[in-house]
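Engineer: Below you will find the structure I want to go over with you.
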Amino acid sequence: MSKPVIVGCAFLALVCALPAFAAEKRNVLMDSYSRGVVRQALTLDHSWIKYPAYRDRAGWERIPAEIRKATISRGEKFLGHPWPVIKATDYLEFTRKGNRAVVDNTLKELSGAFRSLLAAELMEGTGRFTDDIINGVFHYCQVTYWGSSAHFYLYGHAGDYGKPTTVVPDQIDPIIDLGVGDVAADLAWTWYFLHEEFDRVSPVVARRLKDEIRRKVLEPYYRRNDFWWLYGRDGRGRVNNWTPWCNYNVLVCILLLEDDPAKKEYGIYKSMGSVDIFINGYPPDGSCSEGPGYWSPAVGRMFGYLDLLSDCTKGKIDIFGNEKLREMGRTSIAPTSAVAAITSISPMPRCGFATIRDGSPASGGVSRIR
């Protein structure tokens with residue numbers, strides 16, 4: 001085949017493909033729902049939450065006894081847990097030697113202990129784990145930064161992510177990475193379930209917890225637009241699985257802790273615009289450029305975000321019928337038996353997420369795709 005013919009065929013194929021891409025609806029959230037709609041639809045209290053309150057023991061006892069027993073047993077292993085300290089030199093290991101593991105492993109230990117204690121107290125409901133949970137809360141509050149040393153480039157960098165301009169956590173310039181968001185969401189749910197129990201010990205505990213999440217997560221999120229996972233590197237809209245993951249965690253914090261209706265509305269609408277960019281980056285067939293192994297921490301997180309958004313607006317903001325989202329849901333390869341691996345309990349959206357042994361999201365399928 002001659003070169004002109006090859007070029008002509010390629011051009012014809014491109015022209016034929018254009019209508020499909022041109023017809024694709026973009027910004028499906030913000031073009032479908034204005035900020036005014038968010039204001040009118042948003043449930044300002046916590047009535048949207050489907051989980052039983054801490055004192056609703058009958059609600060928690062509906063969980064199978066063997067699961068409750070196993071969860072309590074895991075929590076018992078962390079009674080009197082010595083909360084590990086992250087030293088300044090631990091953070092410096094990354095910029096000096098490229099070693100992020102020393103910080104990441106400590107954060108993983110913290111998270112595992114804290115989640116196990118929280119889950120055990122929710123299951124048992126006697127207050128036996130409360131003091132250790134308070135110790136964990138205070139420990140987190142005294143940690144400057146809840147994320148990975150490998151993500152210090154979010155402070156700024158000298159042309160190379162491995163050469164950040166700030167090499168230890170800066171308390172006056174908080175940054176939000178995946179780890180910060182995960183810890184903040186865990187602590188926000190802790191506040192929701194147990195703040196009244198904390199107040200029985202001292203009102204300082206719940207107040208300090210709320211203030212730390214506001215300072216480390218909510219205010220930076222409201223104020224800043226330069227985190228690449230919000231709108232893309234260099235403002236070009238190139239994002240990845242961080243976008244739904246971080247926005248999901250921030251949305252949890254906004255819904256559970258934000259008392260100012262105007263800030264709550266602003267934060268939610270801002271998150272919708274960011275998640276729109278993530279959705280726009282996917283082709284019509286719903287395939288993930290990061291590979292099928294990224295379905296759970298990318299598309300799965302997006303569905304968790306959208307499910308939460310639908311819940312807090314009583315279903316008035318709901319794009320699960322969108323055809324691209326249907327295709328993105330169909331690409332799931334996550335094992336349906338993943339929930340069997342649950343070893344810690346944390347609040348889960350209806351689309352089947354669970355916290356499994358390593359703390360990563362797993363999915364047994366997306367039930368909301370119609």
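The values are calculated or read from the model by the stated rules, or taken from the named source; none is laboratory data. As the structure is a prediction and not an experimental result, all values here were calculated from the model. Counting neighbours? That spans all protein chains shown, and the Cβs are built from the backbone with ideal geometry, glycine included.
Engineer: Which numbered condition in (1) at pLDDT 95 or above; (2) of a type outside the set (Val, Ile, Thr); (3) over 19 Å from THR243 (Cβ atoms) is the only one that GLY147 fails?
Structural biologist: Every condition holds for GLY147 apart from (3).
Engineer: While we're here: Take the residues of segment 89-136 that are more than 30 Å from HIS195 (Cα to Cα), in contact (Cβ under 8 Å) with a residue 12 or more places away in the chain and of a type in the set (D, E, K, R): which is surrounded by the most Cβ atoms within 10 Å (Cβ to Cβ)?
Structural biologist: So in segment 89-136, the residues more than 30 Å from HIS195 (Cα to Cα) come out as 89-102.
If we keep only those that are in contact (Cβ under 8 Å) with a residue 12 or more places away in the chain too, we end up with 90-95, 98, 100, 102.
Then drop every residue that is not of a type in the set (D, E, K, R), which leaves 90, 93, 100.
On the way: ASP90: 19, GLU93: 16, ARG100: 17.
Looking at residues that are more than 30 Å from HIS195 (Cα to Cα), in contact (Cβ under 8 Å) with a residue 12 or more places away in the chain and of a type in the set (D, E, K, R), I get ASP90.
Engineer: Take the residues in segment 229-261 that are of a type outside the set (Lys, Arg) and without any contact (Cβ under 8 Å) to a residue 24 or more places away in the chain, then tell me which one is nearest to ASP182 (Cα to Cα).
Structural biologist: Here the residue is ASP259.
Engineer: For TYR51, work out the one condition from (1) at pLDDT below 95; (2) within 30 Å of ILE279 (Cβ to Cβ) it doesn't fulfil.
Structural biologist: Against the list (1) at pLDDT below 95; (2) within 30 Å of ILE279 (Cβ to Cβ), TYR51 comes up short only on (1).
Engineer: Another one. Exactly one of (1) among the charged types (D, E, K, R); (2) modelled with pLDDT of 95 or more; (3) under 27 Å from SER34 (Cβ atoms) is unmet by ARG238. Its number?
Structural biologist: (2)
Engineer: Could you please give the count of residues in segment 204-228 that are touching a residue at least 60 places away in the same chain (Cβ under 8 Å) and under 14 Å from GLN142 (Cα atoms)?
Structural biologist: Residues that pass the stated criteria total 5.
Engineer: OK, next. Looking at segment 102-113, can you tell me whether even one residue there is in contact with a Pro (Cβ under 7 Å, 6 or more places away or on another chain) and of a type in the set (A, V, I, L, M)?
Structural biologist: Filtering segment 102-113 for residues in contact with a Pro (Cβ under 7 Å, 6 or more places away or on another chain) gives 106, 109-110.
Among the residues that remain, those that are also of a type in the set (A, V, I, L, M) are: 110.
Scanning segment 102-113, I find at least one residue that is in contact with a Pro (Cβ under 7 Å, 6 or more places away or on another chain) and of a type in the set (A, V, I, L, M), so the answer is yes.
Engineer: Might you let me know whether segment 241-256 holds any residue that is assigned to a loop (DSSP other than H, G, I, E, B), of a type outside the set (Asp, Glu) and within 18 Å of the chain's Cα centre (by Cα)? Steps first, please.
Structural biologist: Taking segment 241-256 and keeping what is assigned to a loop (DSSP other than H, G, I, E, B), we get 241.
When the remaining residues are screened for being of a type outside the set (Asp, Glu), the result is 241.
Narrowing the set further to residues that are within 18 Å of the chain's Cα centre (by Cα) leaves 241.
Yes.
Engineer: On the basis of being more than 23 Å from GLU212 (Cβ to Cβ) and β-branched (Val, Ile, Thr), does THR71 make the cut?
Structural biologist: Details: more than 23 Å from GLU212 (Cβ to Cβ): yes; β-branched (Val, Ile, Thr): yes.
It is true that THR71 is more than 23 Å from GLU212 (Cβ to Cβ) and β-branched (Val, Ile, Thr).
Engineer: Just to check your reading of the model, which residue among ARG57, ARG115, ARG74 is at pLDDT 95 or above and touching a strand residue (DSSP E or B) at 6+ places or on another chain (Cβ under 8 Å)?
Structural biologist: On the way: ARG57 fails: touching a strand residue (DSSP E or B) at 6+ places or on another chain (Cβ under 8 Å); ARG74 fails: touching a strand residue (DSSP E or B) at 6+ places or on another chain (Cβ under 8 Å).
Within the list ARG57, ARG115, ARG74, the selection yields ARG115.
Engineer: For segment 262-303, which positions are of a type in the set (Gly, Ala, Ser) and part of a loop (DSSP other than H, G, I, E, B)?
Structural biologist: Selection gives GLY281, GLY286, SER287, SER289, GLY291.
Engineer: Find all pairs meeting these conditions: Cβ atoms under 6 angstrom apart; at least six residues apart or on different chains; first residue within segment 141-152 and buried (at least 18 other Cβ atoms within 10 Å of the Cβ); second residue charged (D, E, K, R) and part of a helix (DSSP H, G or I).
Structural biologist: Short answer, once both residue conditions are applied: SER148/ASP104.
Engineer: When you go through GLY315, GLY293 one by one, which is the residue that is surrounded by fewer than 22 Cβ atoms within 10 Å (Cβ to Cβ), modelled with pLDDT under 90 and either farther than 25 Å from ARG68 by Cα or touching an Asp or Glu at 6+ places or on another chain (Cβ under 9 Å) (or both)? Steps first, answer last, please.
Structural biologist: Details: GLY315 fails: modelled with pLDDT under 90.
None of the other options fit; the residue is GLY293.
Engineer: Here are ILE172, ILE176: which of them is among the aliphatic types (A, V, I, L, M), part of a loop (DSSP other than H, G, I, E, B) and surrounded by 21 or more Cβ atoms within 10 Å (Cβ to Cβ)? Step through it out loud before you land on a result.
Structural biologist: Values: ILE172 fails: surrounded by 21 or more Cβ atoms within 10 Å (Cβ to Cβ).
That would be ILE176, the only listed residue that is among the aliphatic types (A, V, I, L, M), part of a loop (DSSP other than H, G, I, E, B) and surrounded by 21 or more Cβ atoms within 10 Å (Cβ to Cβ).
Engineer: So which of THR166, THR190 is in contact with a helix residue (DSSP H, G or I) (Cβ under 9 Å, 6 or more places away or on another chain), over 30 Å from LEU122 (Cβ atoms) and either modelled with pLDDT of 95 or more or in a loop (DSSP other than H, G, I, E, B) (or both)? Write out each step before concluding.
Structural biologist: Values: THR190 fails: over 30 Å from LEU122 (Cβ atoms).
Answer to the check: THR166.
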